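Peer 1: Quick one: the structure is below, and I'll ask about it shortly.
The values are calculated or read from the model by the stated rules, or taken from the named source; none is laboratory data. Keep in mind it's a predicted model, so treat the numbers as computed, not measured. Note that we place each Cβ from the backbone using ideal geometry, even for glycine, and neighbour counts take in every protein chain shown.
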Amino acid sequence: MSRKRRQEEASGGAPEWLTTYSDMVTLLLCFFVLLFSFSSVDAEKFKSIMRSFQGGAGVLSGGNTIDIPLNPIEDDLDVDSELHQLMGYLEEYIESLGLGESIIIQPEERGIVIRFMDNIFFDSGSAVIKQEAFEILKSVAELLNREEFINRQIKVEGHTDSDPIVKISKFPTNWELSATRATNVLRYLVEVEAIDGGRISSSGYSFYRGIAPNDTPENKAKNRRVDIVILKDAYVELEP
């Protein structure tokens, strides 16, 4: 009997256990898709899960895979409606001050960047906030403290060009200069404008995250900047 049963299985196609196994894999796939629909799963993690299932192709008869898009639909880098609204407020304010060429508002994958170019906040080689910059920071803080955005996480990032620090400066390198500038902006926002210290952090990147090559005076001026980044919720956990 056993020999006859083995012959029947061999002539009838795949073993019965393989059908049960393929059903289990399909159910697991549905389970993870259902979890994704009810939560804000990190995109990279979801991609990994989908790749693992697609890697198992060939278990089902016919060897066809389910074509699941790995990239979620994005509109303007998936900046949500609240951040779009904040962008509108900031752009109107910047235009009212006539600072459109010195302050740039732009969406990025991690949220919205408020970019203060070159010497808006600081003189060359200095980390002391210029007196005329306080009014700008005050207005930005008022917008950041609006009820709609009070839970948004904020990063203050300092950047320099590649020129070495002059010997008479109290900063040994551009690392210290960029970090101190970012920290001073953070301190003003927290200590003077009452932004919750639990929702804000600062970083100094020296010249290593330039937005232009450090090959001309004009490009170096672009790299000397302070960025205030309003993070999307999905990117908060990725920050140190």
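Peer 1: Please give the number of the condition E142 fails out of (1) among the acidic types (D, E); (2) under 29 Å from G98 (Cβ atoms); (3) modelled with pLDDT of 95 or more.
Peer 2: Answer for E142: the failing condition is (3).
Peer 1: For the structure I just gave you, tell me whether Y188 is at pLDDT 95 or above, among the aromatic types (F, W, Y) and loosely packed, with under 14 Cβ neighbours inside 10 Å. Steps first, answer last, please.
Peer 2: On the way: at pLDDT 95 or above: yes; among the aromatic types (F, W, Y): yes; loosely packed, with under 14 Cβ neighbours inside 10 Å: no.
It is false that Y188 is at pLDDT 95 or above, among the aromatic types (F, W, Y) and loosely packed, with under 14 Cβ neighbours inside 10 Å.
Peer 1: Hey, among R146, R187, R225, which residue is assigned by TED's automatic domain parsing to the domain that holds L90 and touching a strand residue (DSSP E or B) at 6+ places or on another chain (Cβ under 6 Å)? Give the steps one after another, and end with the answer.
Peer 2: Numbers: R146 fails: touching a strand residue (DSSP E or B) at 6+ places or on another chain (Cβ under 6 Å); R187 fails: touching a strand residue (DSSP E or B) at 6+ places or on another chain (Cβ under 6 Å).
After applying the criteria, what remains is R225.
Peer 1: Got a sec? Which of N219, N214 is within 25 Å of the chain's Cα centre (by Cα), surrounded by 14 or more Cβ atoms within 10 Å (Cβ to Cβ) and in a helix (DSSP H, G or I)? Don't jump to the end; show me each part of the working.
Peer 2: Values: N214 fails: in a helix (DSSP H, G or I).
That would be N219, the only listed residue that is within 25 Å of the chain's Cα centre (by Cα), surrounded by 14 or more Cβ atoms within 10 Å (Cβ to Cβ) and in a helix (DSSP H, G or I).
Peer 1: Right, here's the next one. Check whether at least one residue in the range 181-196 is more than 24 Å from the chain's Cα centre (by Cα) and assigned to a loop (DSSP other than H, G, I, E, B), and report yes or no.
Peer 2: For the range 181-196, residues more than 24 Å from the chain's Cα centre (by Cα) and assigned to a loop (DSSP other than H, G, I, E, B): present.
Peer 1: What are the pairs, 6+ residues apart or on separate chains, where a residue within the range 86-114 that is charged (D, E, K, R) has its Cβ under 6 Å from a residue that is in a loop (DSSP other than H, G, I, E, B) and surrounded by fewer than 18 Cβ atoms within 10 Å (Cβ to Cβ)?
Peer 2: Hits for this filter: E109/L77.
Peer 1: For the range 191-210, which positions are surrounded by 14 or more Cβ atoms within 10 Å (Cβ to Cβ) and among the hydrophobic types (A, V, I, L, M, F, W, C)?
Peer 2: I195, I200, F207
Peer 1: I'd like to check which strands (runs of 3 or more DSSP E) are fully inside the range 79-180 and have at least 3 residues that are of a type in the set (G, A, S) and buried (at least 18 other Cβ atoms within 10 Å of the Cβ). Full working, then the answer.
Peer 2: Working: elements: 103-108, 111-117, 154-159.
Correct list: empty, since no element meets the threshold.
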